[in-house]
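Note sheet for the following structure.
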Amino acid sequence: GITRHLRMTRRLGVTRFQYCGSVGPLRVADSLSMAISTMASEIAHRCGIVGLFGLDFKVRNNQIWLLEINPRFTASMDLLSNGTGANLIQQHIDAC
């Protein structure tokens, strides 16, 4: 699933580079979703990642810029679980 990170603002009381929340799950174009899914599968395969993990990326002009790989349950996964009804923890356990 895909979420959007909220930008840091002083109104939210956060300082630079702090996580200040996400919204989602987001609906995106099928082509973008497929490209991200392909990227995630390739990263998991090459890095030997099993189970859930997160990718931080930016999309600009239909190009995906990978920023970070998080080989763990990420903060925004609760949004995805609640928004889709999927039990992501159980999926992670089953994968491992």
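What follows draws every value from the coordinates through simple rules; no lab data is involved. Quick caveat: nothing in here was measured; it's all calculated off a predicted structure. Because the Cβ atoms are built from the backbone with ideal geometry, glycine has one as well, and the counts that use them run over all protein chains shown.
Could you tell me whether the range 52-96 comes out rounded, prolate or oblate from its Cα gyration tensor? Rule is a ≥ b ≥ c as square roots of the eigenvalues, rounded for a/c under 1.5, then prolate if a/b exceeds b/c, otherwise oblate.
Numbers: a/c = 2.83, a/b = 1.80, b/c = 1.57.
Prolate is the answer for the range 52-96, as a/c is 1.5 or above and a/b outweighs b/c.
Can you tell me how the range 16-71 classifies by the Cα gyration tensor, rounded, prolate or oblate, using a/c under 1.5 as the rounded cut?
oblate
With axes computed from alpha carbons, what is the tilt in degrees of helix 30-47 against the longest principal axis of the chain, rounded to the nearest 10 within 0 to 90?
In the chain, helix 30-47 runs at an angle near 70 degrees to the longest axis.
Test of understanding: ordering D56, D30 by Cβ neighbours within 10 Å, fewest first, what list do you get?
D30, D56
Using only alpha carbon pairs under 8 Å that are at least six residues apart, calculate the relative contact order of the chain and give it in whole percent. Each step should come with its number before you reach the end.
On the way: 107 pairs, mean separation 24.8, N = 96.
Normalised by residue count, the contact order of the chain is 26 percent.
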